[in-house]
Structures are given as C-alpha cells and as structure tokens.
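I have placed the structure first, in the form of structure tokens, so that the comments after it can refer back to it.
The values are calculated or read from the model by the stated rules, or taken from the named source; none is laboratory data. In this text the structure is predicted, and so the values were computed from the model without any measurement. Don't worry about glycine lacking a Cβ; one is built from the backbone with ideal geometry, like all the others, and counts go over all protein chains shown.
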Ligand SMILES: [Zn+2]
Ligand SMILES: [Zn+2]
C-alpha cells in the first residue's frame with residue numbers, strides 16, 4: 001500500500017464507536033427490514049397506517065429541509081415564531097439531533113467540504129462513512145467542545161435553545177406517543193408502532209443521509225467542480241428538493257435548491273408560498289447573472305481540460321477564452337440595462353420624457369438580443385469540448 005493510501009485511510013481507523021447509535025440504528029433497521037414485512041404477510045396492513053406514516057415522514061423531512069437546513073444552518077430566509085416552533089417539533093420527530101447541533105455540523109460541512117479530517121461527513125472517505133459511518137464512529141472528539149461557537153445567531157433564538165435543552169425528551173416523546181395515540185385511536189396499536197413509528201423513521205433517516213452520501217457521489221456538477229456535491233433529480237424527489245446539491249454548495253445562502261420553477265423543490269415552494277401570507281420573509285436569492293456566470297465558468301474549465309489533450313490546444317483555448325469573455329461582457333451589459341429599465345419603470349416618473357423611456361427599452365432589447373446570440377456561440381463552441 002502506498003504512503004498516500006495509508007494516509008487516506010488513517011482518519012477512518014481513528015475514532016471511537018458510539019454504541020448507543022450502533023444499537024439504535026442497527027435494531028431499528030432490522031425491525032423495519034424483517035418484523036414489518038413479516039407483520040404485513042401475517043396480518044395485512046390497513047391503508048390508514050401507511051397514510052399516517054407518509055404524512056409523518058413528509059412533515060419531519062420538510063422540517064429538516066426547510067428548518068434545520070435552509071432556515072437555521074444557512075439563514076436563507078426568516079420565519080416567524082409559529083413556523084419555527086412547528087419546524088423545531090418536526091425536527092424532533094425526524095430524530096436527527098437538535099437544530100443547534102445539526103446546524104453546527106452542517107456549517108462545518110460547508111466550510112470544509114470533502115476534507116478528510118474537518119468535514120464531519122466527508123464524501124472523500126467513501127459512501128459508508130458519509131452516509132452513516134460518521135454517526136456510528138466518532139473521529140473528531142474536539143468538534144463538540146466549542147459550545148457551538150459557530151452558531152451564535154442560533155443561540156439567540158429561544159425556540160432553538162428550548163428544543164436543544166429538551167431535545168431527547170421531546171424526540172422520544174414524539175416518536176413513541178404519536179404512533180401510540182394513532183394506534184389506539186384506530187385500534188391498530190402494533191401496526192402503527194411498527195409502520196408509522198419504526199419504518200417511517202428508518203426510511204426518513206436514510207433518505208436524509210443520502211444527501212451526505214449519494215448527493216456527493218452521483219449526479220452532475222454544472223455550477224462548480226471545486227467540491228464533490230452533485231445535482232440529482234431522483235434525490236430531489238426523494239428528499240423534498242434537497243437533491244440539487246451542486247447548486248446548493250455553490251450558492252448556499254439561496255433559499256432555493258432547485259432554481260427553475262419546474263425543479264422539484266417542495267421546500268422552496270413552501271417557503272415562497274408562506275411569504276405571501278407573511279409567515280416567512282427576506283427570502284435570499286442569488287442573481288441570475290451570477291448563476292449563469294458560474295455555469296459558464298464551470299463549462300469553460302471542463303472544455304479546457306478536454307482541449308488540453310488536443311494537438312491544437314493553444315488555439316482552442318484562445319477561442320474558448322474569447323467566447324467566454326464575450327459572454328461575460330454581454331451578461332453584465334444585459335443585466336445592467338435590465339436593472340436601469342426596471343428602476344425607471346418602478347419610479348414611474350410622470351415628468352420623464354417618453355423618448356427616454358423608449359430609449360431604455362430599446363437598449364434593454366438590444367442587449368438581450370446580443371446576449372442570446374452570444375449564448376448560442378458560446379454553447380456551440382464549449383459543448384464541442386466539454
Ligand atoms: Zn453537502
Ligand atoms: Zn447546506
């Protein structure tokens with residue numbers, strides 16, 4: 001084994017097994033994989049059990065995506081106390097530790113993404129480690145000795161701190177009492193405990209864990225190749241919109257993960273819809289100009305890598321850079337013209353002469369045409385190599 005390889009595997013060997021987690025995740029998985037199907041074959045299932053299981057799963061995973069991830073870890077929007085309370089409760093049901101703890105880990109993940117030692121669930125150490133291994137075996141004991149120093153903003157949120165203080169009481173309570181009460185109400189006690197309790201929890205755990213594992217392994221990287229994060233539609237569907245992970249790692253403060261209206265991102269739709277009734281506000285979005293520039297930059301790098309292997313590399317590189325520079329110039333001209341035009345529309349000055357307004361619109365339309373033309377030129381060239 002080479003020296004580099006030994007070094008690579010060292011962090012995995014270090015660390016301490018967390019036996020409570022091993023037992024909990026092991027036993028719950030075994031029950032979901034064996035007792036639940038056995039029960040179904042033996043006694044059959046009532047449809048209401050699965051409906052409740054699906055409802056509880058969607059509620060808890062949305063709380064993780066909207067609350068733990070976009071609200072608390074990234075401050076991508078603001079939410080009123082009522083919604084924060086609901087999301088904090090949903091986070092208890094998801095059983096993924098407190099919002100404060102989760103966000104602290106997640107902020108480290110973004111800061112040191114793919115770093116063997118510093119990223120708590122680094123995909124560079126493989127699927128198993130980033131999926132669940134990091135929960136079963138703790139490598140870095142000092143990580144939690146900082147009193148969550150990187151989350152001073154969250155420490156000022158009384159709802160986050162209340163949830164953190166009573167986390168285990170609330171979580172165990174929610175995960176046992178909700179299925180139990182439902183089971184008693186429907187006269188399906190064991191069925192509800194098994195399906196809406198255990199199976200739902202195991203299912204929701206592993207789907208969320210896929211974001212740390214699969215979303216760093218499987219998919220495309222249109223916005224940056226600086227880290228392993230990937231965009232993956234299937235994962236987006238399974239995780240309530242969290243699968244556009246390459247975009248997210250490039251622009252983590254954006255409240256959206258799927259930026260086009262047709263991208264499957266229910267958390268984004270919830271956050272937007274709730275802003276219309278004042279429950280959420282200050283939704284952060286990255287400008288289209290920045291997004292398009294990031295895509296073009298990534299395409300340029302990919303094209304350059306391929307072109308470098310060709311005999312006339314120098315000439316192709318020059319062409320690529322020329323077209324890329326043109327695109328960037330046209331992009332900023334277009335967005336500037338658009339901004340000026342929109343501002344003039346907003347100001348709606350009565351005394352403004354019609355001529356000037358017409359000039360602004362004309363300007364905007366011209367830059368738009370130029371940009372569209374350049375987009376075509378650029379894509380035609382870059383796609384040959386990327
Ligand atoms: Zn990630
Ligand atoms: Zn994130």
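The table for this structure:
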quantity	calculated
Any hit, the stretch 202-216, residues being within 16 Å of ligand 2 (Cβ to nearest atom), surrounded by 13 or more Cβ atoms within 10 Å (Cβ to Cβ) and either without any contact (Cβ under 8 Å) to a residue 60 or more places away in the chain or not assigned by TED's automatic domain parsing to the domain that holds residue 252 (or both)	yes
Every pair of residues 6+ apart whose Cβ atoms lie under 9 Å, when the first sits in the stretch 97-113 and is closer than 17 Å to residue 61 by Cβ while the second is within 13 Å of ligand 1 (Cβ to nearest atom) and assigned to a helix (DSSP H, G or I)	97/105; 99/73; 102/69; 102/73; 103/69; 103/73; 106/69; 106/73
Whichever residue in the stretch 244-263 is over 14 Å from residue 70 (Cβ atoms) and surrounded by 20 or more Cβ atoms within 10 Å (Cβ to Cβ) and, among such residues, is nearest to the chain's Cα centre (by Cα)	246
Residue tally, condition within 13 Å of the chain's Cα centre (by Cα) and either away from ligand 1 (no atom under 16 Å from the Cβ) or in a helix (DSSP H, G or I) (or both), over the stretch 76-109	4
Residue pairs meeting the criteria (Cβ under 6 Å; at least 6 apart or on separate chains; first closer than 13 Å to residue 157 by Cα and in the same structural domain as residue 269 (by TED's automatic domain parsing), in the stretch 65-76; second more than 9 Å from ligand 2 (Cβ to nearest atom) and not in a helix (DSSP H, G or I))	71/79
Single residue of 336, 323, 297, 372 found to be in a helix (DSSP H, G or I), touching a helix residue (DSSP H, G or I) at 6+ places or on another chain (Cβ under 6 Å) and at pLDDT 90 or above	323
Options 115, 110, 164, 131: the member that is buried (at least 18 other Cβ atoms within 10 Å of the Cβ) and closer than 22 Å to residue 219 by Cα	131
Odd one out for residue 240, checked against (1) in contact (Cβ under 8 Å) with a residue 40 or more places away in the chain; (2) outside any loop (DSSP other than H, G, I, E, B); (3) away from ligand 1 (no atom under 14 Å from the Cβ); (4) over 25 Å from residue 26 (Cα atoms)	(2)
